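Have a look at the structure below before the remarks.
The values are calculated or read from the model by the stated rules, or taken from the named source; none is laboratory data. The structure displayed is predicted, hence computed values, not measured ones. Note: ideal-geometry Cβ built from the backbone for every residue, glycine included; neighbour counts use all protein chains shown.
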Amino acid sequence: MNASTKADEIRPVRTAPPVEWSLRPAMSSDIETIVELRAIVMRPDLERLGRFDGHRVRQRLRDSFSPRYTSVVLADGAFAGCVTLRPAADGWWLEHFSLDTALHGRGLGSAVLRSLLRRTDADGSPVRLNVLQGSPARRLYERLGFTVVAEDPVDVFMLRQPGAR
């Protein structure tokens, strides 16, 4: 291989500028914005699994939405997503974590989850979640210390012990 071939193979890495983010408590009035984001974000995985039903995906969130345990993710001051951290008898359930697809791959999901996990680690509680089979989000959860505890044809159930990674 000659030098010009090697130089042609080297491409600069383009990174987006960091995102300034914050969390605010969800309000009941946030529901439809969150429902629509969930439908957009989950559609590719649900279609791949042959399970997308636009009405069902929206209604499932409406039926389980709890502003008390849900936070809205703001990126650069604008709505960017949501996450629910619901108490359970044996720790916490992480649910409904969705971010605008334009922000995927910029570190926002990792930053938000690390912030939430510092809280659960402080009280010594494990965190559970489920993610769709084949979802790229599984890699994020594994990087942050979640391990697989069970699977079915649609979902992967994961657990993170306090202080993992």
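List of remarks:
- Considering residues of segment 57-79 that are of a type in the set (Gly, Ala, Ser) and surrounded by 18 or more Cβ atoms within 10 Å (Cβ to Cβ) only, the residue nearest to Ser115 (Cα to Cα): Ser71
- So Arg139, is it within 18 Å of the chain's Cα centre (by Cα), basic (Lys, Arg) and either surrounded by 15 or more Cβ atoms within 10 Å (Cβ to Cβ) or farther than 24 Å from Leu49 by Cα (or both): no
- Any hit, segment 96-114, residues being of a type in the set (Ser, Thr, Tyr), at pLDDT 95 or above, buried (at least 16 other Cβ atoms within 10 Å of the Cβ) and within 13 Å of Val83 (Cα to Cα): yes
- First in segment 66-83 and part of a loop (DSSP other than H, G, I, E, B), second anywhere and aliphatic (A, V, I, L, M) and modelled with pLDDT of 95 or more, Cβ under 7 Å, 6 or more apart: Pro67/Ala26; Pro67/Met27; Tyr69/Leu85
- Hey, Ser135 among the hydroxyl-bearing types (Ser, Thr, Tyr), over 15 Å from Ser22 (Cα atoms) and in contact with a helix residue (DSSP H, G or I) (Cβ under 7 Å, 6 or more places away or on another chain) or not: yes
- Against the numbered list (1) in contact (Cβ under 8 Å) with a residue 12 or more places away in the chain; (2) surrounded by 12 or more Cβ atoms within 10 Å (Cβ to Cβ); (3) over 27 Å from Arg62 (Cβ atoms), Val148 comes up short only at (1).
- Residue that is surrounded by the most Cβ atoms within 10 Å (Cβ to Cβ) [pool: residues in segment 151-163 that are of a type outside the set (D, E, K, R) and closer than 11 Å to Gly91 by Cα]: Leu159
- Residue that is farthest from Glu95 (Cα to Cα) [pool: residues in segment 17-46 that are modelled with pLDDT under 90 and loosely packed, with under 14 Cβ neighbours inside 10 Å]: Pro17
- Residue check for Leu108: within 14 Å of the chain's Cα centre (by Cα), free of Cβ contacts under 8 Å to residues at least 60 places away in the same chain and under 16 Å from Arg24 (Cα atoms): no
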